[in-house]
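The values are calculated or read from the model by the stated rules, or taken from the named source; none is laboratory data. Just so it is clear, the structure is predicted and the values come from calculations on it, not from any experiment. Positions of Cβ are generated from backbone atoms using ideal geometry, with glycine treated the same way; all protein chains shown enter the neighbour counts. Keep in mind that these areas ignore ligands, DNA and RNA; they rest on the heavy atoms of the full protein, side chains included. Shrake-Rupley method; radii C 1.70, N 1.55, O 1.52, S 1.80 Å.
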Amino acid sequence: MDVVGILEAASLLVPEGVANDNNITVSDAWDYLAHDEWEVALDLLQELGDGWTAPTGFWEQLERAAVMMGLERSREWCRWRGAETRVGVIRADLVLLPAGEAFRRTPIPGAGVLRPMWDIGHRREGGASDLDIARVWVEFAPDLAPGARAPVRLLPLTPARWRHLVPGDRITLYETAAAGGTASILEVHPPEV
């Protein structure tokens, strides 16, 4: 199947009435497909994926199209969103410590590459922190510099251990034995059944 066919198939999964904040609908994506504006159509479909609980197959189709168009960040985003469909969504406001106060001296990559440990409140026998791992996706930016703040999405290695979190909870990022930043939970959505 070609790119247009894949995007058409994905667009057929979008329920009627779904629109983004700018009132863009799936018919707008079809218009761009008709004019061979594949990348714009892909972007619109990705945005429309926020307006409903898109199934994993929707994100897999968009990922395939992004691969065929050579759009690496779009491919990774669609893969990430497919994973969120399976394990749930955790969004947080992350603040990294400045370079002189933490291990990290360079920006963290934004596209889900970093898999740091997090103190999310679990304790071992004796009271020591029992850390958990989650990948980090920096929203709206290619990376996050030391000392900076940004909304992020977290994809836990063991999602069930993160189910107790609620908006407002504070968690701590660790790349070494010393804390590297703190995050405040913005939203938590369990996976759709």
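The set of residues in segment 116-153 being buried (at least 17 other Cβ atoms within 10 Å of the Cβ), closer than 22 Å to Trp77 by Cβ and among the aliphatic types (A, V, I, L, M) consists of Ala134, Val136, Val138, Leu144, Ala150, Val152. When residues in segment 49-87 are screened for being of a type in the set (Phe, Trp, Tyr) and touching a helix residue (DSSP H, G or I) at 6+ places or on another chain (Cβ under 7 Å), 3 of them pass. Taking each residue of segment 71-91 that is closer than 12 Å to Gln46 by Cβ and looking for partners that are basic (Lys, Arg) and open to solvent by less than 40 Å² (accessible area, probe 1.4 Å) with beta-carbon atoms closer than 8 Å, six or more apart or interchain, yields Trp80/Arg153.
Table: residues versus (1) of a type in the set (Val, Ile, Thr); (2) touching a residue at least 24 places away in the same chain (Cβ under 8 Å); (3) closer than 19 Å to Leu114 by Cβ; (4) outside any loop (DSSP other than H, G, I, E, B).
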residue	(1), (2), (3), (4)
Ala150	no, yes, yes, yes
His164	no, yes, no, no
Leu173	no, yes, yes, yes
Val188	yes, yes, no, yes
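Against the definition (out of contact with any strand residue (DSSP E or B) (no Cβ under 6 Å at 6 or more places or on another chain), open to solvent by less than 40 Å² (accessible area, probe 1.4 Å) and under 30 Å from Glu47 (Cα atoms)), how does Ala111 come out, yes or no? Yes.
Residue-by-condition table, conditions (1) open to solvent by less than 30 Å² (accessible area, probe 1.4 Å); (2) under 23 Å from Glu192 (Cα atoms):
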residue	(1), (2)
Ala29	yes, no
Leu71	no, no
Glu84	yes, yes
Val87	no, yes
Thr106	no, no
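For Arg75, the stated conditions hold: it is crowded, with 19+ Cβ neighbours inside 10 Å, modelled with pLDDT of 95 or more and of a type outside the set (Ser, Thr, Tyr). Among the residues of segment 117-133 satisfying the criterion of being within 15 Å of Arg170 (Cα to Cα) and among the small types (Gly, Ala, Ser), which is modelled with the lowest pLDDT? Per the criteria, the residue is Ser129. If you go through segment 110-137 and pick out every residue that is under 13 Å from Trp80 (Cβ atoms), of a type outside the set (A, V, I, L, M) and in a strand (DSSP E or B), you end up with 2.
The set of residues in segment 99-117 that are touching a residue at least 60 places away in the same chain (Cβ under 8 Å) and either aromatic (Phe, Trp, Tyr) or on the phi > 0 side of the Ramachandran plot (or both) contains only Phe103.
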